[in-house]
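Following: one structure in structure tokens, then a few remarks.
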Amino acid sequence: MFRKPVAVILVPTLSFGDATGTDVFGMREALQSAGYEVRIFADAAGAASEAKPARKAFSFLRRHRGLVIYHHGIQWESGTKLLDLVRGPLMIRDHNVTPSRFFEGINDDYSENTRRGLEQRRALASRSNVARYLPCSNFSASELTSFGANPALVTPLPPIHNIDRLINTDSDGETLKRWSQNPADILFVGRIAPNKGHRRLIRIAAIYRELFGESLRVRFVGPIADELRAWQQLLEEDAGKMGLRSQIDITGAVSVEELKAAYLTSRLFVSCSEHEGFCVPLVEASAMGLPILIGEQSAMVETMGDVAMTFGKTQDDAMATMIHRLLKSPVDRENVRREQQLSMERRFARKVLLDRFLEIVHQVGT
Amino acid sequence: MGNTGINILDLVSEVQKEADALRKNIGPSKVPVQQTQSEALAAAALRGGPKSSADPARASVPSRLYNNVHPAEAELHSHRGQLGRVIIFFKKFFRQMMRPALDRQASFNQALIQSLEALMEENRSMARNLEYLENEIAALPRGAAQEASPPSARDFNYEGFQERYRGSSEQVREMQSHYEGYFSEPADGPVLDLGCGRGEFLEVLREKSIPCSGVDLADAAVTFAKKRGLDIEKRDLIQALENSADQSLGGIVSFQVIEHLPLRSITRVLRLAKQKLRPGGILILETVNIASLYTHANAFTMDPTHSLALHPLTLQFMAEDARFSDINIVYGAEVPSEDKLETSDLPPELSENFRRLNTLLFAPQDYAIIARA
């Protein structure tokens, strides 16, 4: 009797909709299409029906010798213990870890967790039983090799996204109606966190008003952790000090349907994020037809590739002027949008990523 | 250089130069330099602003509960020395015996926490919606009603002024006649006339059995129109639009009204019109043609309640921005030829110059944006 090869995916938390969860489900889909029986184990699962508790992985790994893919993005004590039990090929999926310095003075738990997450990332880079590292970008790859990972085993692979789901989803009617009445000139999608560059974007809105005498409506879409409410408060203070409070809309977490409405009712996507491992919203925004401007952050510049419209920290005037140019010139806006969309589609089509992933799996062998 | 012929690096470089030139003209920025994160946090703390939420009391409830999901994973303690070790041994033994029941309890706990999380998210979402509504209410424009309402009789006898200079009903009907062709049968309705005055256009529609209604704020006009059996209400035009169901209208018309509104209200009218018209429905907005110097010197400045002169291309752009399609500018109300510069007896070279002057000075007095939703 033939048995399907087994693949195990270990992930600290599994949720529908976030970048890691979407990547995990993408890998499962690819592996299943290649004939694997896939088991997912997670410590905490918003998508509980899709995963078994991580503690059950201890006995499972002792009994099976299949491929194991370990996702690392936050600190995970019991996860690293599981790795000692792996008997088959081990792949480390590296989602990068936000440096702890961003959380210092805001939340000690976050600061400590990210510090430990980075320590674990360093330890993973020097493990002996790793068959392949899968960092989400060249930027993350270079960090891994600087921590001691063998460059021959490091193969960058962008996160497997599911933008088709966003494109094919109907936007939430009520939200679409509400935001259509107050469309955003600038949209940024990402959690409210200190590394995401919201403060610079607020300042750029103030510069824009100074240069052009007009106000920008800025919409920040993304979840706000209770532990980081202080940061949200600081953003609101910043906006208030610059007289922009009514122009800055912080929405909090949204559903896929509401996210679609956000993209449909915005004109430009701007990210000044200071730390990203890849930045999936750039691919989403491009697919949804928004021109994209970014700050000079390595992973984002890499993601945008030859169509990156990048502005360094001293180029706030230029970024505001480009925003003005694109808002006022439909021709430039359309040209930029089209160039960026073609490039992103070519490089990050989901099929391309799934095929690339399976190619790596076959190289590693089971 | 990509598929569209645009080079993004060149564009960035060009915009950088533009920004440098702008900055040179405007002078140094008054926008405060962004403080570092630690500076901003320190400053906020000094003002009694945001505090670190490291305080356990502020941590999210679910994250604390998650640590205690499984009853069998709680640490066991005893303060009884050697005897304590025996007690702990038995506790562990019994806990192991109860493991299946504790596992079920853990599953229940997990489900409970997830439900709690969902409720908390719902609560946060409702709080956000509430905040949004409060902000919306606070930021509500005073409304076209207040901003464009006719001046009181004490200020100015506006109705008398209108009666004298707006022309008779017959004249108004004549001026509006070239819009009649856009509505020919009952299926083209219902049509809403914003600022319908005495209801001349509504009468035309009624004759074609096209369902129609109108709103206006002038008491005399409303009374007059009602006496003629027209469906008209004294109401603010933005309120009238807001109260219409989405995609319920076949046409929205407004003649010589938007020049009385502030820019913000015109934008609102356009957005609401797009929302309330069914796909393919027609919007007609007629106003004074400010591109005609004759009109600027006469019709526009004569009326002290005119607040905004909108160039035809500006209104066209605003309609595009509100996502209308098939937008046309239609000019009407030619300046009487006797008011124009006489060219017939002039030598050809002068005649051509005067013709150009006539075009500049005496362009049609009105224009309308006609667009489809």
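The values are calculated or read from the model by the stated rules, or taken from the named source; none is laboratory data. Because the structure is predicted, anything quoted here is derived from the model rather than measured. Counting neighbours? That spans all protein chains shown, and the Cβs are built from the backbone with ideal geometry, glycine included.
Of the candidates A:Ala318, A:Ala299, A:Ala308, A:Ala349, the single residue that is among the aliphatic types (A, V, I, L, M) and within 20 Å of A:Ile167 (Cα to Cα) is A:Ala349.
Table: residues versus (1) β-branched (Val, Ile, Thr); (2) within 14 Å of chain B (Cβ to nearest Cβ).
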site: A:Ile106; (1), (2): yes, yes
site: A:Glu143; (1), (2): no, no
site: A:Ser171; (1), (2): no, no
site: A:Thr175; (1), (2): yes, yes
site: A:Asp185; (1), (2): no, yes
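To keep it simple, each residue is scored yes or no on (1) at pLDDT 80 or above; (2) loosely packed, with under 13 Cβ neighbours inside 10 Å; (3) touching a His at 6+ places or on another chain (Cβ under 9 Å); (4) more than 7 Å from every other protein chain (Cβ to nearest Cβ).
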| site | (1), (2), (3), (4) |
| --- | --- |
| B:Glu14 | yes, no, no, yes |
| B:Leu22 | yes, no, no, no |
| B:Val33 | yes, yes, no, yes |
| B:Gly49 | no, no, no, no |
| B:Asp55 | no, yes, no, yes |
| B:Ser63 | no, no, no, yes |
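The listed residues are A:Leu118, A:Leu61, A:Leu82, and the only one of them that is crowded, with 17+ Cβ neighbours inside 10 Å, within 19 Å of the chain's Cα centre (by Cα) and over 17 Å from A:Val154 (Cα atoms) turns out to be A:Leu118.
Residue count for the range B:296-323 satisfying the condition of being under 18 Å from B:Ile284 (Cα atoms), in a helix (DSSP H, G or I) and among the aliphatic types (A, V, I, L, M): 4.
Of B:Ser244, B:Ser169, B:Ser248, all but one fail to be exposed (fewer than 14 other Cβ atoms within 10 Å of the Cβ) and of a type outside the set (Val, Ile, Thr); the exception is B:Ser248.
Somewhere in the range B:257-264, is a residue within 14 Å of chain A (Cβ to nearest Cβ), touching a residue at least 12 places away in the same chain (Cβ under 8 Å) and under 18 Å from the mean Cα position of the chain (by Cα)? Within the range B:257-264 (the criterion being within 14 Å of chain A (Cβ to nearest Cβ), touching a residue at least 12 places away in the same chain (Cβ under 8 Å) and under 18 Å from the mean Cα position of the chain (by Cα)), the answer is yes, since at least one residue qualifies. If I filter the range A:244-262 for residues that are farther than 21 Å from A:Trp179 by Cβ and either touching a helix residue (DSSP H, G or I) at 6+ places or on another chain (Cβ under 9 Å) or not aromatic (Phe, Trp, Tyr) (or both), do I get at least one hit? So far as the range A:244-262 goes, no, none of its residues is farther than 21 Å from A:Trp179 by Cβ and either touching a helix residue (DSSP H, G or I) at 6+ places or on another chain (Cβ under 9 Å) or not aromatic (Phe, Trp, Tyr) (or both). Hey, any hits in the range A:14-23 for a residue that's within 14 Å of chain B (Cβ to nearest Cβ), surrounded by 18 or more Cβ atoms within 10 Å (Cβ to Cβ) and either at pLDDT 90 or above or assigned to a strand (DSSP E or B) (or both)? Yes: the range A:14-23 contains one or more residues that are within 14 Å of chain B (Cβ to nearest Cβ), surrounded by 18 or more Cβ atoms within 10 Å (Cβ to Cβ) and either at pLDDT 90 or above or assigned to a strand (DSSP E or B) (or both).
Summed over the range A:332-366, the residues that are β-branched (Val, Ile, Thr) and not in a helix (DSSP H, G or I) give a count of 1. From A:Gly252, A:Gly197, A:Gly222, A:Gly240, grab the single residue that is of a type in the set (Gly, Ala, Ser), touching a strand residue (DSSP E or B) at 6+ places or on another chain (Cβ under 7 Å) and within 11 Å of chain B (Cβ to nearest Cβ). Just one listed residue meets the conditions, A:Gly197. If you go through the range A:261-283 and keep only what is over 12 Å from A:Ile294 (Cα atoms) and more than 17 Å from the chain's Cα centre (by Cα), you end up with A:Ala261, A:Ala262, A:Leu264, A:Thr265, A:Ser266, A:Arg267.
Every residue, every condition in (1) touching a helix residue (DSSP H, G or I) at 6+ places or on another chain (Cβ under 7 Å); (2) more than 26 Å from A:Ser100 (Cα to Cα); (3) of a type outside the set (Ser, Thr, Tyr); (4) modelled with pLDDT under 70, yes or no:
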| site | (1), (2), (3), (4) |
| --- | --- |
| B:Ser38 | no, no, no, no |
| B:Tyr66 | yes, no, no, yes |
| B:Glu75 | no, yes, yes, yes |
| B:Gly81 | no, yes, yes, no |
| B:Arg99 | yes, yes, yes, no |
| B:Ser107 | no, yes, no, no |
| B:Leu112 | no, yes, yes, no |
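Scan the range A:148-191 for residues that are assigned to a loop (DSSP other than H, G, I, E, B), surrounded by 15 or more Cβ atoms within 10 Å (Cβ to Cβ) and free of Cβ contacts under 8 Å to residues at least 60 places away in the same chain and the total you get is 3. Residues in the range A:287-345 that are away from chain B (no Cβ under 11 Å), acidic (Asp, Glu) and over 29 Å from B:Lys24 (Cα atoms): A:Glu302, A:Glu345. Only one of the listed residues (A:Glu214, A:Glu210, A:Glu257) is within 10 Å of chain B (Cβ to nearest Cβ), over 15 Å from the mean Cα position of the chain (by Cα) and of a type in the set (D, E, K, R). That residue is A:Glu210. Do you know which residues across the range B:302-335 are within 22 Å of B:Tyr182 (Cα to Cα) and in contact with a Ser or Thr (Cβ under 8 Å, 6 or more places away or on another chain)? The answer is B:Leu315, B:Met318, B:Ala322.
Do the conditions hold for A:Val11, that is, is it at pLDDT 90 or above and in contact with a Ser or Thr (Cβ under 7 Å, 6 or more places away or on another chain)?
Against the criterion (at pLDDT 90 or above and in contact with a Ser or Thr (Cβ under 7 Å, 6 or more places away or on another chain)), A:Val11 qualifies.
Out of curiosity, is A:Thr80 part of a helix (DSSP H, G or I) and of a type in the set (Val, Ile, Thr)? Against the criterion (part of a helix (DSSP H, G or I) and of a type in the set (Val, Ile, Thr)), A:Thr80 qualifies.
Filtering the range A:269-292 to residues that are buried (at least 23 other Cβ atoms within 10 Å of the Cβ) and either among the aliphatic types (A, V, I, L, M) or within 20 Å of B:Ile6 (Cα to Cα) (or both) leaves A:Phe269, A:Val270, A:Val280, A:Leu282, A:Val283, A:Ala285, A:Ser286, A:Leu290, A:Pro291, A:Ile292. For the range A:336-363, the set of residues classified as of a type in the set (A, V, I, L, M, F, W, C), surrounded by fewer than 18 Cβ atoms within 10 Å (Cβ to Cβ) and either more than 19 Å from A:Met300 (Cβ to Cβ) or in contact (Cβ under 8 Å) with a residue 60 or more places away in the chain (or both) consists of A:Ala349, A:Val352, A:Leu358, A:Ile360, listed by residue number.
Taken over the range B:342-373, the criterion of being aromatic (Phe, Trp, Tyr) and over 30 Å from B:Gln247 (Cα atoms) is satisfied by B:Phe354, B:Phe362. A single entry from A:Arg325, A:Arg337 fulfils the requirement of being in the same structural domain as A:Arg199 (by TED's automatic domain parsing), basic (Lys, Arg) and under 25 Å from the mean Cα position of the chain (by Cα): A:Arg337.
Scanning the range B:221-237 for residues that are over 24 Å from B:Ser265 (Cα atoms) and either touching a residue at least 60 places away in the same chain (Cβ under 8 Å) or surrounded by fewer than 16 Cβ atoms within 10 Å (Cβ to Cβ) (or both) yields B:Thr223, B:Lys226, B:Lys227, B:Arg228, B:Gly229. Cβ separations smaller than 9 Å between residues 6+ apart or across chains give no pair from the range A:85-110 residues that are closer than 21 Å to A:Leu153 by Cα and not assigned by TED's automatic domain parsing to the domain that holds A:Ser140 to residues that are in a helix (DSSP H, G or I) and not β-branched (Val, Ile, Thr).
Within the range A:24-58, the set of residues being more than 14 Å from every other protein chain (Cβ to nearest Cβ), more than 18 Å from the chain's Cα centre (by Cα) and buried (at least 19 other Cβ atoms within 10 Å of the Cβ) comprises A:Arg28, A:Ala30, A:Leu31, A:Tyr36, A:Val38, A:Arg39, A:Ile40, A:Phe41, A:Ala57.
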